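Trainee: Please find one structure pasted underneath; my questions will follow.
The values are calculated or read from the model by the stated rules, or taken from the named source; none is laboratory data. Note that the structure is predicted; figures quoted are calculated from it, not measured. Here the Cβ positions follow ideal geometry from the backbone for every residue, glycine too, while neighbour counts run over all protein chains shown.
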């Protein structure tokens, strides 16, 4: 079987043919090292995965290697990590990194070639042939060039492209609308947490000024003091020396890092399990169940989570152990407010830092303990409801994305035939 051959090619509609990629389009080979302030240059990260949209345009003032020229109407494809599905039909004359291949369509409509690149069979074929473990890529002369592409008559290629433009546009709009719903729910979640944590559940109760900007007025009978007054321990974690492999073999102690955070209240996915030997030899700091883990350094500074069982963490994380007057779950919810505050008040260095001393001086609300429990129960219920709704919306988005891929595949392989009437219908309903 030819390297580009796919099973569907033997079942193409009457009137369709197929040919090798290299015989229907030519690879642009013009290179330049001219630096320019024009924003006409594309890197791989400037192309959105799977949609064919560009996210950004940049100049070549700081690009030190040669770049490839492309021209309006060319179709671009990212050869590096092809599973990311980076493709784009150029709407301007420009330049791109060598990891992007630019093609001049010759015996194929440019927009039809664009949708061939978007088709799951094309991406799947690239993934199967890609070489290189860490940075897989496909090459042109021995792989892509030999792919057989379906070739409907040119007018039908143009109809298919027009139909997919309208259909995918409608699907994309629906997906954007659903992502906005998730954003709205996230904003509602934050507001719900803030109101419950700072105002309590009784709206009729007397209030007073907290004198803390992000808390505002609070119930009159609540305390607002430094965090250290409500805790028994505020301490960073440790990373056992990696040159002692025994610390990392057959581990049983959960060890968390910033990569463990996913926005939930509880942290349930440790990055590693550390061997008991590290505890015995003093190379690990253990925190009890119910410790609040706060990220104090790096890009995710301020993120917070609660560990439901005994655990450890690395030195980027501050463990906060509550005293008897503070519910750790209530404190975790309260620190969800601080997730947006701490990045703005951290040390102004290249890598933002918020150490354990500063953490101890954070203004902290302390309602009576039973009230803390009631607030947590209320928030647990509300957030579970919100999470369930978000999961449903994400399922809908995934279904739309899968339908989009399927539709493209059916159209470019001839499994679904497109007429002018189909185009009119999708434009009307879209």
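Trainee: Looking only at region 199-257, count every residue that is within 34 Å of the chain's Cα centre (by Cα), without any contact (Cβ under 8 Å) to a residue 12 or more places away in the chain and farther than 28 Å from residue 356 by Cα and tell me the total.
Mentor: Final tally of qualifying residues: 1.
Trainee: Run residue 154 past the list (1) under 25 Å from residue 12 (Cβ atoms); (2) in contact (Cβ under 8 Å) with a residue 60 or more places away in the chain; (3) surrounded by fewer than 16 Cβ atoms within 10 Å (Cβ to Cβ) and report the number of the one that doesn't hold.
Mentor: Tallying (1) under 25 Å from residue 12 (Cβ atoms); (2) in contact (Cβ under 8 Å) with a residue 60 or more places away in the chain; (3) surrounded by fewer than 16 Cβ atoms within 10 Å (Cβ to Cβ), residue 154 fails exactly one: (2).
Trainee: Restricting attention to region 379-390, does a residue exist that is part of a helix (DSSP H, G or I), over 20 Å from residue 186 (Cβ atoms), at pLDDT 95 or above and more than 21 Å from the chain's Cα centre (by Cα)? Give the derivation first.
Mentor: In the first step, residues of region 379-390 are kept if they are part of a helix (DSSP H, G or I); the result is 379-390.
This time we only want the ones that are over 20 Å from residue 186 (Cβ atoms), so: none.
Scanning region 379-390 turns up no residue that is part of a helix (DSSP H, G or I), over 20 Å from residue 186 (Cβ atoms), at pLDDT 95 or above and more than 21 Å from the chain's Cα centre (by Cα).
Trainee: Please find, among 233, 229, 279, the residue that is more than 15 Å from residue 304 (Cβ to Cβ) and exposed (fewer than 14 other Cβ atoms within 10 Å of the Cβ). Show your work before the answer.
Mentor: Values: 233 fails: exposed (fewer than 14 other Cβ atoms within 10 Å of the Cβ); 279 fails: exposed (fewer than 14 other Cβ atoms within 10 Å of the Cβ).
Selected residue: 229, the only one of 233, 229, 279 that is more than 15 Å from residue 304 (Cβ to Cβ) and exposed (fewer than 14 other Cβ atoms within 10 Å of the Cβ).
Trainee: Yes or no: residue 254 surrounded by 18 or more Cβ atoms within 10 Å (Cβ to Cβ), in the same structural domain as residue 345 (by TED's automatic domain parsing) and part of a loop (DSSP other than H, G, I, E, B)?
Mentor: Details: surrounded by 18 or more Cβ atoms within 10 Å (Cβ to Cβ): yes; in the same structural domain as residue 345 (by TED's automatic domain parsing): yes; part of a loop (DSSP other than H, G, I, E, B): no.
So residue 254 fails the test.
Trainee: Quick one: would you say residue 133 is in the same structural domain as residue 34 (by TED's automatic domain parsing) and surrounded by 15 or more Cβ atoms within 10 Å (Cβ to Cβ)?
Mentor: Values: in the same structural domain as residue 34 (by TED's automatic domain parsing): yes; surrounded by 15 or more Cβ atoms within 10 Å (Cβ to Cβ): no.
No.
Trainee: A follow-up question, please. Residue 190 - would you say it is farther than 19 Å from residue 334 by Cβ and under 33 Å from the mean Cα position of the chain (by Cα)?
Mentor: Details: farther than 19 Å from residue 334 by Cβ: no; under 33 Å from the mean Cα position of the chain (by Cα): yes.
It is false that residue 190 is farther than 19 Å from residue 334 by Cβ and under 33 Å from the mean Cα position of the chain (by Cα).
Trainee: Are any of the residues in region 397-414 surrounded by 13 or more Cβ atoms within 10 Å (Cβ to Cβ), more than 32 Å from the chain's Cα centre (by Cα) and not assigned by TED's automatic domain parsing to the domain that holds residue 321?
Mentor: yes
Trainee: Please work out which residue is farthest from the chain's Cα centre (by Cα), limiting yourself to region 75-96 and to residues that are surrounded by fewer than 24 Cβ atoms within 10 Å (Cβ to Cβ) and over 13 Å from residue 57 (Cβ atoms).
Mentor: 89
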